[in-house]
1. If you go through the range 296-346, how many residues are surrounded by fewer than 20 Cβ atoms within 10 Å (Cβ to Cβ), in a loop (DSSP other than H, G, I, E, B) and either in contact (Cβ under 8 Å) with a residue 24 or more places away in the chain or not assigned by TED's automatic domain parsing to the domain that holds residue 244 (or both)?
2. Of the residues in the range 39-72, how many are outside any strand (DSSP E or B) and over 18 Å from residue 109 (Cα atoms)?
3. Going through 253, 263 one at a time, which residue ends up being without any contact (Cβ under 8 Å) to a residue 40 or more places away in the chain, surrounded by fewer than 20 Cβ atoms within 10 Å (Cβ to Cβ) and under 30 Å from residue 156 (Cα atoms)?
4. Hand me the list of strands (runs of 3 or more DSSP E) wholly inside the range 125-204 holding 1 or more residues that are within 18 Å of residue 329 (Cβ to Cβ), in contact with a helix residue (DSSP H, G or I) (Cβ under 8 Å, 6 or more places away or on another chain) and without any contact (Cβ under 8 Å) to a residue 60 or more places away in the chain.
5. Going residue by residue through the range 77-93, is there one that turns out to be under 29 Å from residue 141 (Cβ atoms), touching a strand residue (DSSP E or B) at 6+ places or on another chain (Cβ under 8 Å) and assigned to a loop (DSSP other than H, G, I, E, B)?
6. Among the residues of the range 205-228, which ones are part of a loop (DSSP other than H, G, I, E, B) and under 30 Å from residue 242 (Cα atoms)?
7. Of 137, 168, which residue is surrounded by fewer than 16 Cβ atoms within 10 Å (Cβ to Cβ) and under 17 Å from the mean Cα position of the chain (by Cα)?
């Protein structure tokens with residue numbers, strides 16, 4: 001292919017991708033005037049309130065995307081983003097958050113009651129009829145594209161496309177994209193830590209914008225469509241992609257590095273491609289703790305011996321986990337990412 005034909009092909013690909021993304025992600029457009037939907041709630045709108053567990057700030061949009069920030073009494077924040085749906089039989093809105101659900105009773109257009117909140121309305125979420133989006137900070141999975149100095153990110157959790165700020169951890173993301181992309185101007189599945197905040201733009205009105213704080217990993221060949229339903233921790237085969245931010249760079253015919261956790265049996269198995277590790281594990285919701293593993297005693301190449309030692313250290317330091325799409329992240333007690341893993345061989 002000549003340079004001219006190659007450039008035109010890349011341009012056509014980018015334009016088609018942009019048009020397709022806009023058609024599939026109405027959140028890119030300016031939000032419409034608030035209206036009461038058939039479900040009985042007001043959208044787009046912000047609902048806020050305080051329950052026994054802390055303060056809520058919920059933003060919902062007509063395209064069924066939502067952002068939620070919950071702040072506990074001690075000031076710790078918990079952010080979620082996803083898609084909501086209406087249950088006409090129960091008169092509720094159901095927020096989908098990484099395999100779990102948050103259920104809100106629609107009392108009327110101005111009030112939503114979280115499941116378990118008092119019937120006297122003291123824990124209701126209330127709207128003034130306006131949309132005042134909160135910023136959120138969380139691990140995110142999505143399709144990243146860089147073309148003509150205009151990076152974009154389609155967030156798998158909501159289906160929305162955002163511009164990406166070229167600051168903070170952005171450079172590492174761009175370098176990884178240029179290295180691993182399937183072709184120029186084509187999207188690449190990535191996991192990142194980042195924020196979504198409304199920011200001023202060079203042109204046009206302020207828009208929600210992704211700022212990347214840290215790159216997790218790239219996943220060539222993955223798409224949002226394949227990761228919309230998150231696997232469970234129990235029994236899933238997780239391929240180890242990176243430890244402490246460094247890629248294992250596995251490829252056949254070497255043995256695949258993996259981790260399998262069986263919470264019901266309180267055991268785990270793991271390998272980086274040489275010896276097999278087996279030990280105890282304790283899992284409770286998002287927390288976990290690995291016991292000191294036993295291991296086979298084969299002589300391993302120096303590089304695999306190094307990775308085995310690092311895996312042992314990572315498992316010993318891991319205290320929490322997070323599943324997003326088909327990605328599993330192990331973190332320490334300060335929230336630092338220790339390992340990125342990918343679910344493989346799913347049904």
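1. The qualifying residues number 6.
2. Quick first cut of the range 39-72, residues outside any strand (DSSP E or B) only: 39-41, 44, 52-53, 61-64, 72.
Filter once more, keeping what is over 18 Å from residue 109 (Cα atoms): 52-53, 72.
Qualifying residue count, the range 39-72: 3.
3. Step by step, each of 253, 263 is checked, and only 263 is without any contact (Cβ under 8 Å) to a residue 40 or more places away in the chain, surrounded by fewer than 20 Cβ atoms within 10 Å (Cβ to Cβ) and under 30 Å from residue 156 (Cα atoms).
4. Here the list reads 136-145, 188-199.
5. no
6. Within the range 205-228, 219, 220, 221, 222, 223, 228 qualify.
7. Residue meeting the stated conditions: 137.
The values are calculated or read from the model by the stated rules, or taken from the named source; none is laboratory data. No experiment lies behind these values; they were computed from the predicted model shown. Cβ coordinates were reconstructed from backbone atoms using ideal geometry, including for glycine residues, and neighbour counts include every protein chain displayed.
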